[in-house]
């Protein structure tokens with residue numbers, strides 16, 4: 001697991017509201033701000049950030065298995081939800097936040113600890129003044145699709 005130098009924690013809202021999304025993610029990637037605790041809980045990391053696009057890396061773990069011997073679908077859903085929200089966040093100005101109001105996930109292939117590193121690749125579809133949409137794909141190292149999803153987020157002042 002790749003861990004940023006600042007570790008994990010929550011950026012104080014007073015500080016977060018002073019930064020646009022690209023600045024916030026740049027500070028997290030540079031290790032000057034902590035990565036969210038959810039990244040530690042599931043063991044995922046930021047690989048790429050660009051305006052309207054974010055990529056996370058994750059290595060499937062035995063600790064995330066369901067009773068049937070594969071990584072729980074909630075892990076894939078969380079990765080997709082997180083990357084889709086973050087790619088929307090990159091487009092937001094300082095003082096603006098978002099929250100997921102709807103998510104749709106389609107599972108294509110199971111993940112196991114033998115899958116190897118995977119990538120959750122999110123990109124913005126549209127960002128308006130109140131509603132934003134994005135989509136994401138979860139793929140293995142060979143580019144095989146594991147899951148994909150879409151989201152709708154509410155945009156609001158923070």
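Quick one: Cα centre-to-centre distance for segment 132-158 and segment 19-75, in angstrom?
Centre-to-centre distance over Cα atoms comes out at 13 Å.
Mean residue ellipticity at 222 nm from the helices of the chain, using -39,500 (n - 2.57) per DSSP H segment of n ≥ 4 over the full residue count, to the nearest 500 deg cm²/dmol?
Numbers: 4 runs with 36 residues, N = 158.
So the calculated ellipticity at 222 nm is -6500 deg cm²/dmol.
In cubic angstrom, how much convex hull volume per residue do the alpha carbon atoms of the chain span?
102 Å³
Could you work out which residue, out of 39, 141, 16, moves most in a Gaussian network model of the chain, that is, has the largest mean-square fluctuation with Cα springs under 10 Å?
Judging by the Gaussian network model, the answer is 141.
Taking 0.36 nm per intervening residue step and subtracting the Cα-Cα distance, what contour gain separates residue 106 from residue 15 on full extension?
29.2 nm
With 20 Å as the cut-off, how large is the P(r) tail for segment 1-85, expressed as percent of Cα-Cα pairs?
36 percent
Can you bin every Cα-Cα distance in segment 69-158 into 10 Å intervals starting at zero and give me the percent of pairs per bin, rounded to whole numbers?
Final binned percentages: 18, 47, 24, 10, 1.
What is the ratio of the Cα radius of gyration of segment 31-71 to 2.2 N^0.38 Å, with N the residue count, to two decimals?
1.45
How high is the FRET efficiency between residue 8 and residue 32 when r is their beta carbon distance and R₀ equals 22 Å, given to the nearest 0.05?
Details: r = 14 Å, r/R0 = 0.63.
E(calc), rounded to 0.05, equals 0.95.
Taking the Cβ-Cβ separation of residue 144 and residue 63 as r and a Förster radius of 35 Å, what is the calculated FRET efficiency to the nearest 0.05?
The computed FRET efficiency comes out at 0.90.
Using per-residue counts of other Cβ atoms within 10 Å, averaged over each peptide, order 59-69, 119-129, 103-113 from highest down.
Listed from highest to lowest mean packing, they are 119-129, 103-113, 59-69.
Using the 10 angstrom Cβ neighbour count as an exposure proxy, how do 13, 131, 46 rank, fewest first? Mind showing how you got there, number by number?
Working: 13 10, 131 13, 46 19.
By the 10 Å Cβ count, ascending, the order reads 13, 131, 46.
Values quoted throughout were computed directly from the atomic coordinates according to the rules given, and no laboratory measurement underlies them. If you're wondering where the values come from, they're calculated on a predicted model, not measured in any experiment. All Cβ positions, glycine included, derive from the backbone under ideal geometry; neighbour counts span all protein chains shown.
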